[in-house]
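Novice: Here it is, the structure, as structure tokens.
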Amino acid sequence: MSPNPMPPEKTSHILVLGMGGTIAGLASNPGKDPLSYKAGELGIEALLEKIQEDIPGELKLVSRQVANINSRNLTEPLLSLLGQTVMESLANTMVRGIVITHGTDTMEETGVFLQLTCGKYAQNLGKRIIITGAMLPANAPEADGPSNLLDAIRWASTPLDNCPGGVYGVMAGRACLAMDLSKRHATALNAPLQASPSSSAGLINPSWLFGVKAVQGAWSEDLPIPKGEEWPWVEILTSHAGSRPETIARWFGGGVEGLVLAGSGIGGFHDAWLTPLGEAAKQGIALVRTSRTGGGLTYPDIPEKDLAGCMASGSLSAPRARIALQLAINAAKQANLVGKSLTWQDFFARIAVLPLIG
Ligand code: SIN
């Protein structure tokens, strides 16, 4: 599967990949009700046309439509396609940087996916991948998409002095590491940058980047991109008042390979889950513990000693921990195939245990 193959571009350029989202959305009555709209209606070319006169003449842009969806419908094979497209494009010496227009609902997942699979390669090449989107559809009177897209293109194409290559998110005049994107507000214009536990989002200005090199220094290698159907099945379960043992037990024997437990507070879960989680671990189901609060860190053995084999998620929110666990399970399988005896925990530890900056 390959998005619109294009003849090779022979000049240095910024590649803009369209994934859909509200930035490409249209409202039927934008003046009266801009929040009633359909995402993924306009193609990437049409979005670029809206900002054409603000693009410096010497800056060459090339666009490709990878998908045009509402990102709540994002699939794992589509993530694989995006990852492969990004890897191939990074390898192209004519590509200076990459901008991705994406729905904000699951930018969190795509951000961490790209960081974990392409981040080191981008960093080594000194190229930036910038994810952006919008909270208002393209035809809303106050549409935020054009300025976000322009910021992303500028950020992808500015010299590297203060900002290393890597994967970033840009919205509403602010930026963060893509692995810190997390939509924690339904409507705010900077919704995907609402909670950034391992580094604070900052104005698009290199001053916030003081901690980026520390995080990137901890990144030793990219994890393999699972092929479309190779993605392990991992679910997120939330602990809450009245949690039942059956919530865990009903996944036994059905093909689930991992569970991310979104615990309360500091990542503890309901005692009703203890016995079935012990059984899950015995059955080889990978267990990761995180916090449903949406902020802060989840530490190993706090508030109680972890069940054998269960890992704390560090700064990873539940959606991010889920992608990280899927990639870690897949990486362990690939390593085992070539005779390396590594476990998913070996890979997950490299992701979850990062230096604290802020
Ligand atoms: C989507 O995620 O595709 C819709 C919502 C948005 O982009 O803000």
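Since every read-out is calculated from the coordinates, none of them should be taken as a lab result. In this text the structure is predicted, and so the values were computed from the model without any measurement. Here Cβ is always computed from backbone atoms with ideal geometry, including for glycine, and neighbour counts include all displayed protein chains.
Novice: Per-residue counts of other Cβ atoms within 10 Å, averaged by peptide: what ranking do you get for 115-126, 19-30, highest first?
Specialist: Ranked from most to least packed, the peptides come out as 19-30, 115-126.
Novice: Also, quick follow-up: Taking H placed 1.01 Å from N in the peptide plane, check which residues at least 5 places from Val99 or on another chain put their amide H under 5 Å from its amide H.
Specialist: Result for Val99 returns Leu15, Val16, Leu17, Ile130.
Novice: Highest mean first, what order results for 271-280, 131-140 on Cβ atoms within 10 Å?
Specialist: 131-140, 271-280
Novice: Under 5 Å between amide hydrogens, which residues at least 5 positions from Val167 or on another chain qualify, with H placed 1.01 Å from N in the peptide plane?
Specialist: Counting only residues 5 or more places away or on other chains, the set is Ile129, Ala178.
Novice: Then there is this: For His240, His270, what ranking results if the residue with the fewest other Cβ atoms within 10 Å of its Cβ goes first?
Specialist: So the residues, fewest neighbours to most, are His240, His270.
Novice: Based on C-alpha coordinates, I'd like the Rg and Dmax of the range 117-165, in Å.
Specialist: Gyration radius and largest Cα-Cα distance of the range 117-165: 13.5, 41 Å.
Novice: With r as the distance between the Cβ atoms of Asp301 and Val338 and R0 = 45 Å, compute the FRET efficiency 1/(1 + (r/R0)^6) and round to 0.05.
Specialist: Working: r = 33 Å, r/R0 = 0.73.
Result of the calculation: an efficiency of 0.85.
Novice: Can you work out the Karplus-derived ³J(HN,Hα) for every residue in the range 305-315? Use 6.51 cos²θ - 1.76 cosθ + 1.60 with θ = phi - 60°, whole Hz, and x for glycine or proline.
Specialist: Ordered by residue, 3J(HN,Hα) equals 4, 5, 4, 3, x, 7, 10, 7, 8, x, 8 Hz.
Novice: If you don't mind, there's one more thing I want to ask. Can you put Trp344, Trp251 in order of Cβ neighbours within 10 angstrom, beginning with the fewest?
Specialist: Going from least to most buried by this count: Trp251, Trp344.
Novice: Compute the orientation-averaged projected area for the chain from the convex hull of its Cα atoms and round it to one decimal in nm².
Specialist: Convex hull of Cα atoms, orientation-averaged projection: 18.5 nm².
Novice: Once Rh for the range 234-352 is found with the Kirkwood sum over Cα pairs, what is the Stokes-Einstein diffusion coefficient at 37 °C and 0.692 mPa s, in µm²/s? It would help to have the intermediate numbers written out before the result.
Specialist: Values: Rh = 14.2 Å.
So the translational diffusion coefficient is about 231 µm²/s.
Novice: Right, another one. Based on other C-beta atoms within 10 Å, arrange Tyr299, Tyr168 from fewest to most.
Specialist: Listed from fewest to most nearby Cβ atoms, that is Tyr299, Tyr168.
Novice: Further question on the same structure: Which pairs, out of Lys305/Lys333; Lys10/Lys60; Lys50/Lys127; Lys127/Lys340, put more than 20 Å between their alpha-carbon atoms?
Specialist: Cα-Cα > 20 Å for Lys305/Lys333; Lys50/Lys127; Lys127/Lys340; rest within.
Novice: Relative to a virtual label point 7 Å from the Cα of Ala188 in the Cα→beta-carbon direction, which members of the range 262-299 show backbone nitrogen distances below 19 Å?
Specialist: Those under the cut-off are 292-297.
Novice: Take each of the peptides 148-155, 38-45, average the number of other beta-carbon atoms within 10 Å over its residues, and list them starting from the highest. Write down the numbers at each step before the final one.
Specialist: Details: 148-155: 22.2, 38-45: 18.8.
Top to bottom by mean Cβ count within 10 Å: 148-155, 38-45.
Novice: Would you mind giving the average projected area, over all directions, of the Cα convex hull of the range 13-218 in nm² with one decimal?
Specialist: Values: hull surface 41.2 nm².
Taking a quarter of the hull surface, the average projection is 10.3 nm².
Novice: Quick one: helix 145-157 against the long Cα principal axis of the chain, what's the angle to the nearest 10°, folded into 0 to 90?
Specialist: Helix 145-157 sits roughly 90 degrees off the main axis of the chain.
Novice: Can you list residues whose amide H is under 5 Å from Ala286's amide H, if they're 5+ apart or on another chain and H is modeled 1.01 Å from N?
Specialist: HN-HN under 5 Å from Ala286: Gly258, Leu259.
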